[in-house]
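These notes concern the structure reproduced below.
The values are calculated or read from the model by the stated rules, or taken from the named source; none is laboratory data. Computed from a predicted structure; not experimentally measured. All Cβ positions, glycine included, derive from the backbone under ideal geometry; neighbour counts span all protein chains shown. What goes into the accessible areas is simple: the full protein's heavy atoms, side chains included, and nothing from ligands, DNA or RNA. Shrake-Rupley method; radii C 1.70, N 1.55, O 1.52, S 1.80 Å.
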Amino acid sequence: PELGKWRPTCQHHRIRHFHLGDVGEKHRTVVITSEHLHSRVTKQRDIEKIKRFLYNIFDQVAVICYFRRQADMAVSRYSTLLKGGHVLSFEKFIQNARPENYYYNFPEIAENWASVFEEKNCNFRIFPPHFTLMGAVWAI
């Protein structure tokens with residue numbers, strides 16, 4: 001079945017048009033992954049909506065989150081902005097790449113998800129700078 005689409009709204013982000021069919025009955029494990037769960041879902045109330053949605057389909061839910069080094073994230077984010085046509089000096093961009101900015105505040109992100117899904121259901125990890133995926137070595 002079609003696993004769905006993430007459709008953010010202007011004011012807050014919701015899961016819409018997300019069709020899982022009978023996937024919960026036919027499969028033991030389902031993985032849902034999206035960078036937007038980190039960058040777009042920033043309020044506990046939105047995390048709670050995701051929890052309600054998932055627990056309507058599944059008996060158990062585990063949150064596994066890999067955090068990438070903030071410096072690497074900032075460089076990647078800046079590069080993506082430039083590739084997307086934005087004009088912004090690195091000096092101006094880097095002013096927002098601070099721990100107070102939710103995007104880079106991993107303790108706050110982890111706390112928000114753990115407070116909704118319970119700590120025992122969450123596993124927060126540091127994404128290794130080099131990892132192997134399908135036999136290939138990837139550098140981040």
Checklist entry - Hey, what do the phi angles of segment 100-115 turn into as Karplus ³J(HN,Hα) couplings, whole Hz, using 6.51/-1.76/1.60 and θ = phi - 60°, x for Gly and Pro? => result 6, 6, 3, 3, 10, 9, 4, x, 5, 4, 4, 4, 4, 5, 5, 5
Item to check | Under Karplus coefficients 6.51, -1.76 and 1.60, residue-wise ³J(HN,Hα) of segment 87-96 in Hz, glycine/proline x | outcome: 10, 7, 5, 4, 4, 5, 4, 5, 4, 8
Checklist entry - On average, how much accessible surface per residue is there in segment 63-130, in Å², for a 1.4 Å probe, leaving out ligands, DNA and RNA? => result 67
Item to check | Per-bin percent of Cα-Cα distances, segment 62-112 [10 Å] | outcome: 23, 47, 24, 5
Checklist outcome for this item: In order over segment 36-52: 3J(HN,Hα) from phi, Karplus 6.51/-1.76/1.60, θ = phi - 60°, whole Hz, x for each Gly or Pro, gives 5, 5, 8, 8, 10, 9, 10, 10, 4, 4, 6, 5, 4, 5, 5, 4, 4
Next on the checklist: Show log10 I(q)/I(0) for segment 34-94 at q = 0.14, 0.19, 0.26 Å⁻¹, two decimals, from a solvent-free Debye sum over equal Cα scatterers.
Outcome noted: -0.59, -0.84, -1.14
Checklist outcome for this item: So, with points 7 Å from each Cα along the Cβ direction, the residue 80-residue 120 label distance in nm works out to 3.5
Checklist entry - Which aspartates and glutamates, on any chain, are close to residue 26 with Cα under 17 Å apart, when same-chain ones fewer than 8 places away are left out? => result 2, 59
Item to check | Where labels lie 7 Å past Cα in the beta-carbon direction, separation of residue 43 and residue 96 in nm | outcome: 1.9
Next on the checklist: Skipping prolines and chain starts, which residues have an amide H placed within reach, meaning under 5 Å, of the one on residue 65, given they are 5 or more residues away or on another chain?
Outcome noted: 123, 124, 125
